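The values are calculated or read from the model by the stated rules, or taken from the named source; none is laboratory data. Everything numeric in this text was worked out from a predicted model, so none of it was measured. When we count neighbours, we look across all protein chains shown, and the Cβ atoms used for this are built from the backbone with ideal geometry, even at glycine. Accessible surface areas use protein heavy atoms only, side chains included; no ligands, DNA or RNA. Shrake-Rupley method; radii C 1.70, N 1.55, O 1.52, S 1.80 Å.
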Amino acid sequence: GSWSKRVLKVKKEINTVVDSILLTISEKSKVFRAPYFVDKKYLDLFLFDFSFVETEDQKNSWGDIYKDLMSDKPMNRLLCGDVGFGKTEVAMRSSFVVSFTKQVAIMAPTTILSLQLFYSFKKRFKNFPQKIVLLNRLQPSKKRELIYKKISAGSVDIIIGTHALLSNRVSFRSLGLVIIDEEHRFGVKQKEKINTLSLDLDLLSMSATPIPRSLQQSFSGLKSLSLMKTAPSTRKPIITKILYSSNAIISKFVLLEVDRGGQVYIVYNNVDNIETYTNKIRDLFPGLRISFIHGKLSPSKIEGTLSNFINR
């Protein structure tokens, strides 16, 4: 009996969510907004500042999105492409166009990804006036309170964060565009909350492995779809090897990477023993700077170590 009741409850919840999704789609289809406009010379400067060669797919995807932003209908687009195919650059260009008029929110599923996106955006926008902030759980509460005030006052243009952006404490002054990175890692209800922020909101979802529901919405015309199938010419294939662990194996691959000017991270599966393991790795490589993080450390320690790693 209790199982039947549970199934019935879930069915009711599913129907409520589906009704909400269909209502949002129906209402959104009737909405118009002012087309975005950015001075062509500024946009050309931003595009010229891109330090890589565009792939044809990247160019076409950006063309699709730019056309969406120049139209008077809110965008709802899914951008699919493998890791390293240039989705983030397209997201940056979209943010650049919208941020002259309205605020842009970029959501990542983890604090690490939000931090990486923040550093990437700061580097890409260094020659331009956009004010960019980061919001995630690793920040001290005082710093978060200050960011909340800046967002509601409209004194920041681009806000990068985790699902902390969906907190009731966040009040956008004039949100225009939401970009969801790795959209397959966000739940239905989280995405629906984004839709309720504003009906004339432009939405760009990005994923290397979109969930079937997102693909179905694209194929049925409820979302637009852009595909990035071509790897940049400089991108090397990922090589996966499965080997027995030993000091010799670890030394070989770590030194190979360090000698070419790269960095290494090791995933270890035991929080209680991770410090001992780190000391073992330090003994193997006395000349390298080695640290560790795990979820039980303080937010400031995690953020500090991650920042040091990202900044080499």
When only Cα pairs under 8 Å and 6 or more residues apart are kept, what is the percent relative contact order across the chain?
22
Can you list residues whose amide H is under 5 Å from residue 135's amide H, if they're 5+ apart or on another chain and H is modeled 1.01 Å from N?
160, 161, 162
Sorted by packing (mean other beta-carbon atoms within 10 Å per residue), highest first, where do 114-122, 164-172, 272-280 land?
114-122, 164-172, 272-280
Ignoring everything except DSSP H segments at least 4 long, calculate the 222 nm mean residue ellipticity for the chain; use -39,500 (n - 2.57) per segment, divide by total residues, nearest 500.
-15000 deg cm²/dmol
Which residue, 182, 13, 89, tops the fluctuation ranking in a GNM of the chain built on C-alpha contacts under 10 Å?
13
Quick one: Karplus J couplings for segment 99-111, per residue in order, coefficients 6.51, -1.76, 1.60, θ = phi - 60°, nearest Hz, x for Gly and Pro?
5, 6, 10, 9, 7, 10, 10, 10, 9, 10, x, 9, 5
Got a sec to turn the phi values of segment 48-54 into Karplus ³J(HN,Hα) couplings, 6.51 cos²θ - 1.76 cosθ + 1.60 with θ = phi - 60°, whole Hz, x for Gly and Pro?
5, 6, 5, 8, 10, 8, 5
For every other residue with a beta carbon closer than 14 angstrom to the beta carbon of residue 121, add +1 if it is Lys or Arg and -1 if Asp or Glu, then tell me the sum.
+3
Choose one answer from 67, 12, 191: the residue with the largest mean-square fluctuation in a GNM of the chain with alpha-carbon springs under 10 Å.
12
Kindly express, to the nearest 10 degrees and within the range 0 to 90, the angle between helix 141-153's C-alpha long axis and the longest C-alpha principal axis of the chain.
30
When N counts the residues of segment 1-80, how does its alpha-carbon radius of gyration compare numerically with 2.2 N^0.38 Å, as a ratio?
1.81
Carbon plus sulfur fraction of accessible area for the chain, probe 1.4 Å, in percent
57
If you fit an axis through the alpha-carbon atoms of helix 56-70 and take the longest principal axis of the Cα set of the chain, what angle between them do you get, 0 to 90°, nearest 10?
40
Name the lysines eligible as straight-distance cross-link partners of residue 5: C-alpha to C-alpha under 24 Å, and not fewer than 8 places from it in the same chain.
189
May I ask for the net charge around residue 247, where only other residues with Cβ less than 12 Å from the Cβ of residue 247 are counted and Lys, Arg are +1 while Asp, Glu are -1?
+1
What value in Å³ per residue do you get for the convex hull of the alpha-carbon atoms in segment 57-134?
107
Segment 224-248-segment 264-299 distance, computed between alpha-carbon centres (Å)
25
Computed over the Cα atoms of the chain, the Rg and Dmax in Å are 21.9, 68
³J(HN,Hα) computed for each position of segment 200-209 - Karplus, 6.51 cos²θ - 1.76 cosθ + 1.60, integer Hz, glycine/proline x
8, 6, 8, 10, 10, 9, 10, 6, 8, 9
What do the square roots of 5 times the Cα gyration tensor eigenvalues come to for segment 100-163, in whole Å, largest first, as semi-axes of the equivalent ellipsoid?
17, 16, 10
Note to self: Kirkwood Rh of segment 21-151, Cα pairs, one decimal, Å, is 16.6
Per residue, how much accessible surface does the chain expose to a 1.4 Å probe? Answer in Å², no decimals.
59
Rounded to whole angstrom, the alpha-carbon centroid of segment 65-117 lies from that of segment 23-56 at a distance of 9
